[in-house]
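Below: the structure, in structure tokens.
Values in this text are rule-based calculations from the coordinates and carry no lab data. None of these values were measured; they are calculated from a predicted model. Quick reminder, even Gly has a Cβ in these numbers, built from the backbone with ideal geometry, and neighbours come from all protein chains shown.
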Amino acid sequence: MKAATVSQLKKELSYQSKDELLELCLRLSKFKKENKELLTYLLFEADNEDGYIETVKNEIDQQFALINTSSYYYIKKSVRKILRNAKKYIRYSKQKETEIEILLHFCRVLKNMKPSINKNTTLLNILNRQLLLIRKVVNTLHEDLQYDYTVELSNIKTENKE
């Protein structure tokens, strides 16, 4: 079966009643964990973006605390998984400030991790790629926010060179 386009779905959904839309949403939430997480964000957390950011930051901290640091191989696998989850949470929000806050926190925690990531090229590349991505997103924001985030970025970069 071929999936319909977004415009086709939007058009068809506009013909549905409120009860039918409710039933479709509930049915959709039963199929994938991401659908349920997105609905949870939209219904309960979208109106409190700061609380959502703090929740995601706490989850990132918990995941970093659970990393097996016996080998850089395990560290790399865990860091990629944490980053994948962070990107998923960023996609739910669609706000550039949320994306920057979450990625900055990820970079700070990664940078301060023990053992040091400076001894591993792959981990350094992950950090540098995220810093580059943050820089691109910051450049699309208002000047005041650009300045604030640029200062935070430069703090992480100077720590990175030490």
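Which of rounded, prolate or oblate describes region 61-143 when judged by the alpha-carbon gyration tensor and an a/c cut-off of 1.5? Display every interim value, and only then the final one.
Values: a/c = 2.52, a/b = 1.73, b/c = 1.46.
Prolate.
Specify, per residue and in Å³, the volume enclosed by the convex hull of the alpha carbon atoms belonging to the chain. Don't jump to the answer; show the numbers that get you there.
On the way: hull volume 26.3 nm³, N = 162.
Dividing the Cα hull volume of the chain by its residue count gives 163 Å³.
Percent relative contact order of region 86-162, based on C-alpha pairs within less than 8 angstrom and at least six residues apart? Don't jump to the answer; show the numbers that get you there.
Working: 39 pairs, mean separation 24.1, N = 77.
It comes to 31 percent, rounded to a whole number.
Starting from 0.36 nm per residue, how many nanometres of slack lie between K119 and L28 once their C-alpha separation is accounted for? Spell out each step's value before the answer.
Numbers: separation 91, 0.36 × 91 = 32.76 nm, distance 4.50 nm.
Once the chain is fully extended between K119 and L28, it gains 28.3 nm.
For H142, H105, what's the fewest-to-most ordering of other Cβ within 10 Å of each Cβ? Walk me through the intermediate numbers first.
Numbers: H142 9, H105 18.
Starting with the residue having the fewest Cβ neighbours, the order is H142, H105.
Across all directions of projection, what mean area in square nanometres is found for the Cα convex hull of region 1-96? Show your work: numbers first, answer last.
On the way: hull surface 35.9 nm².
Computing the convex hull of the Cα atoms and averaging its projections yields 9.0 nm².
Any idea what the relative contact order of the chain is, in percent, if you count C-alpha pairs under 8 Å spaced at least 6 apart? Before the final figure, lay out the partial values.
On the way: 84 pairs, mean separation 26.3, N = 162.
The normalised contact order for the chain reaches 16 percent.
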